[in-house]
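**Student:** Below you'll find the structure I mean.
The values are calculated or read from the model by the stated rules, or taken from the named source; none is laboratory data. Bear in mind that the values here come from a model prediction, so they are computed numbers and not experimental data. Here the Cβ is made from the backbone with ideal geometry for all residues, glycine too, and neighbour counts use every protein chain on show.
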Amino acid sequence: MATYIIRRLLGLIPTLFVITVIVFILMHLMPGNAFLALTQNPHIKDAAEVIKRKEAEAGLNLPLWQQYVNWVVNLLHGNLGTSYQYDEPVARLIGFSLPNTLTLAITAEIIVLLAGIPMGLLQASRVNKAFDVSTSFFAVLLYSIPSFVFALFLIYIFSFTLNWLPSFGTVTPAVPWSGDLGDRISHLILPALALALPSIAFYSRLTRGNTLQVIVQDFVRTARSKGLRDSRVLFRHVLRNAIIPIITQFGFDIGGLFSGAVLIEEIFTWPGMGELTVSANLNRDYPVILATTLIFAVTVLIGNLVADILLAIADPRIRYN
Amino acid sequence: MAVQALHNKAKTGETKRKRVQSPWRLSLQRFMRNRLAVAGFFTLLVIIFVTVAAPLFTPYNPTAINIMNTNLPPSAAHPLGTDGSGYDNLARLLYGGRVDLTVAVAAALMTMLIGVIYGGISGFFGGWIDNLMMRFVDVMLNFPFIPFILALEAIFNTSGELILITVVSLTAWPGPARFMRGIFLQLREQDYVLGAVTIGASKWRIIFRHMLPNTISSLAVLVSMSVAGYVGLDAGLTFLGLGLPLTVPSWGGMLSQASNYIDMRTEPYSWIPPALMIILTILSVNFIGDGLRDAFDPQART
């Protein structure tokens, strides 16, 4: 298993290489660069001079391949560079944004799994009964609502109309309880729900379908005829077998939730990777663009890897070597 | 499918009474029996009708600013009020639907075109060509979506329907390409392909004349599912300010303009209608997609 994981991790390198090269080229194809904004600064008299000096400092005069090699060398030394627009180490910006996005994405993922899988199981165990039909219809409805539209409705209902939950930021500023666990959780609920709801529907449909295939198999009948309780059969015997395709999907989704968070972060002014990525791209902040791209790509790839590993744990028949 | 259908009928002993029905007819029958799919189909027809025939329902021009009448509440003259620029909300809702639907359908078709050509070549030739092409798909599937879209938009340096369609299809093609490759890999082993090879048909003729028509049913499902996805995606991008410019009426644009903290609370009539239109469109297209998938399923009983 360990050698498999190491081999997979090494296998990520070519993919990351191609992705960063493409981003590098695209980034330099974008018109303008971060320093041109300095011409708009009234305090800088000789803008042309300053821009020239800044560009030289950032190494933008070097040939493209040289710039890429420099970036990779710095990366291998653990140096992500300095942001052009904030004049701060990129690592620090990421260190601030990444935990926020991770909190949001992981909370959403937990909500999805805790709600979606049991829902699908219950639907499958009551297939074509009223509960199944009504919740299945409801699931398609939820699945058809884009998460950002959900976000608007959630804000309108829970923040504006009922006034229960805050609609922006991660903490309430200027109150004694600012930054408390409760305060943070209350800020987290709406964005996490908006991110999770469409996926809940998707997972419950997926679980329902898989369970229906498993529930007719012989070992389930054996378990029942042994006199086990229905709930035990369902959660112990059926779920264990029905969950395997869900794990694969879960791995794919880690990356998806991560990028899906971009829109949600924008709506809830959640200071995460989404905001950082968008502003970096709009301001041609090359080091930040490369760093955020790298992190998004690594998340997706790690997600797939985690799915494969979980798969081997869940299904002893799968052997990697 | 025809054989399957005959087989089914032979089982129920109805072969003598009914004449043989074509697979398309059987699929159509199955589709028509799916109530949700039919309801989705008619809902979509209604949406298309009100957007195409928008001038019948509203006298206003969706791009004409009227600064004397900004932020009006709903009234007889403006059933959904007007927004901050004096645009009539109903006019923007109806005309915006044209733009949203066109962009989503065009993007779906273009994605499929890329996907079919790429996946078809990869799946048909197999071997190292397939290997190389699929490695590239793997890379593109892992490619972070938002930075890519931002970069493409900055490079094209304009925003508008055509750019949005191009951007979406350039980012979304790897999924369909991989899916179509799988189908072509299966079809390649079919006897009629072997037959075509033995009578000396060229590779391209086999791909496009013999194999492609047999992928139509999968394609139809894929297109409808993609349309549903792209309606949401386009609206989301426009909402972020990365899709259509605000001068073009669109549902995402309406949401984006009305979703600031003041308007959202005080003017629900300006953002709830476009939100509902987005949901309704996606929902009906999803039901149609589900219906098509079941209708084309060769294992389904008639």
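**Student:** Going by what's in this entry, would A:R221 be described as out of contact with any Leu (no Cβ under 9 Å at 6 or more places or on another chain), assigned to a helix (DSSP H, G or I) and not hydrophobic (A, V, I, L, M, F, W, C)? So that I can check it myself, show each step before the final result.
**Tutor:** Numbers: out of contact with any Leu (no Cβ under 9 Å at 6 or more places or on another chain): yes; assigned to a helix (DSSP H, G or I): yes; not hydrophobic (A, V, I, L, M, F, W, C): yes.
For A:R221, the condition - out of contact with any Leu (no Cβ under 9 Å at 6 or more places or on another chain), assigned to a helix (DSSP H, G or I) and not hydrophobic (A, V, I, L, M, F, W, C) - is met.
**Student:** Inside the stretch A:252-291, can you point out the residues that are buried (at least 24 other Cβ atoms within 10 Å of the Cβ), touching a Gly at 6+ places or on another chain (Cβ under 9 Å) and β-branched (V, I, T)?
**Tutor:** A:V262, A:I264, A:V288
**Student:** Just checking, which of B:D138, B:D100 is without any contact (Cβ under 8 Å) to a residue 40 or more places away in the chain and within 14 Å of another protein chain (Cβ to nearest Cβ)?
**Tutor:** Exactly one of B:D138, B:D100 is without any contact (Cβ under 8 Å) to a residue 40 or more places away in the chain and within 14 Å of another protein chain (Cβ to nearest Cβ), namely B:D138.
**Student:** Looking at this structure, is A:E109 of a type outside the set (V, I, T) and either surrounded by fewer than 19 Cβ atoms within 10 Å (Cβ to Cβ) or more than 23 Å from A:I254 (Cα to Cα) (or both)?
**Tutor:** When the stated conditions are applied, A:E109 does not pass them.
**Student:** If you check B:I121, B:I114, B:I129, B:I146, which single one turns out to be in a helix (DSSP H, G or I) and within 30 Å of A:G32 (Cα to Cα)?
**Tutor:** Of the residues listed, the single one that is in a helix (DSSP H, G or I) and within 30 Å of A:G32 (Cα to Cα) is B:I146.
**Student:** Evaluate the stretch B:265-272: report whether one residue or more is surrounded by fewer than 24 Cβ atoms within 10 Å (Cβ to Cβ), in contact (Cβ under 8 Å) with a residue 40 or more places away in the chain and within 13 Å of B:D83 (Cα to Cα).
**Tutor:** yes
**Student:** Now, a different point. Any residue at all in the stretch A:86-102 that's touching a Ser or Thr at 6+ places or on another chain (Cβ under 7 Å), farther than 22 Å from B:F136 by Cα, in a helix (DSSP H, G or I) and aliphatic (A, V, I, L, M)?
**Tutor:** Yes, that holds for at least one residue.
**Student:** To continue, here is another question. So which residues in the stretch B:154-209 are in a helix (DSSP H, G or I) and among the aromatic types (F, W, Y), if there are any at all?
**Tutor:** If we filter the stretch B:154-209 for residues that are in a helix (DSSP H, G or I), which is where we start, we get B:154-156, B:161-172, B:174-188, B:191-198, B:203-209.
Across the stretch B:154-209, the qualifying residues are B:F156, B:F179, B:F184, B:Y192, B:W204, B:F208.
**Student:** Within the stretch A:23-65, restricting attention to residues that are within 22 Å of B:V139 (Cα to Cα) and in contact with a Phe, Trp or Tyr (Cβ under 7 Å, 6 or more places away or on another chain), which residue is surrounded by the fewest Cβ atoms within 10 Å (Cβ to Cβ)?
**Tutor:** A:F24
**Student:** Based on what the data block shows, is A:T292 under 18 Å from B:F143 (Cβ atoms) and either touching a residue at least 12 places away in the same chain (Cβ under 8 Å) or assigned to a loop (DSSP other than H, G, I, E, B) (or both)?
**Tutor:** Answer is yes for this residue.
**Student:** Are any residues in the stretch B:154-187 in contact with a Ser or Thr (Cβ under 6 Å, 6 or more places away or on another chain) and among the charged types (D, E, K, R), and if so, which ones? It would help to see each step written out before you state the result.
**Tutor:** Initial filter on the stretch B:154-187 (in contact with a Ser or Thr (Cβ under 6 Å, 6 or more places away or on another chain)): B:169, B:172-173, B:176, B:181, B:183.
Selection gives B:R181 alone.
**Student:** Please work out which residue is farthest from A:I110 (Cα to Cα), limiting yourself to the stretch A:203-252 and to residues that are of a type in the set (D, E, K, R) and in contact (Cβ under 8 Å) with a residue 24 or more places away in the chain.
**Tutor:** Residues of the stretch A:203-252 that are of a type in the set (D, E, K, R), as a first pass: A:205, A:208, A:218, A:221, A:224, A:226, A:229-230, A:232, A:236, A:240.
Remaining after also requiring in contact (Cβ under 8 Å) with a residue 24 or more places away in the chain: A:205, A:208, A:230, A:240.
Details: A:R205: 17, A:R208: 18, A:D230: 25, A:R240: 18 Å.
This residue is A:D230.
**Student:** Could you grab me the full set of residues in the stretch A:1-19 that are away from chain B (no Cβ under 12 Å) and more than 13 Å from A:L301 (Cα to Cα)?
**Tutor:** A:M1, A:A2, A:T3, A:Y4, A:I6, A:R7
**Student:** For B:L222, work out the one condition from (1) within 14 Å of chain A (Cβ to nearest Cβ); (2) surrounded by 24 or more Cβ atoms within 10 Å (Cβ to Cβ) it doesn't fulfil.
**Tutor:** It is condition (1) that B:L222 fails.
**Student:** Going by the conditions given, is B:L80 farther than 22 Å from B:I272 by Cα and at pLDDT 70 or above?
**Tutor:** Here the answer is no, as B:L80 does not meet what is asked.
**Student:** For the stretch A:166-177, check the following and say yes or no: at least one residue is of a type outside the set (V, I, T), crowded, with 16+ Cβ neighbours inside 10 Å and within 14 Å of chain B (Cβ to nearest Cβ).
**Tutor:** There is at least one residue in the stretch A:166-177 that is of a type outside the set (V, I, T), crowded, with 16+ Cβ neighbours inside 10 Å and within 14 Å of chain B (Cβ to nearest Cβ).
**Student:** Now, a different point. Among the candidates A:G209, A:G227, which residue alone is of a type outside the set (D, E, K, R), in a helix (DSSP H, G or I) and assigned by TED's automatic domain parsing to the domain that holds A:T170?
**Tutor:** Of the residues listed, the single one that is of a type outside the set (D, E, K, R), in a helix (DSSP H, G or I) and assigned by TED's automatic domain parsing to the domain that holds A:T170 is A:G209.
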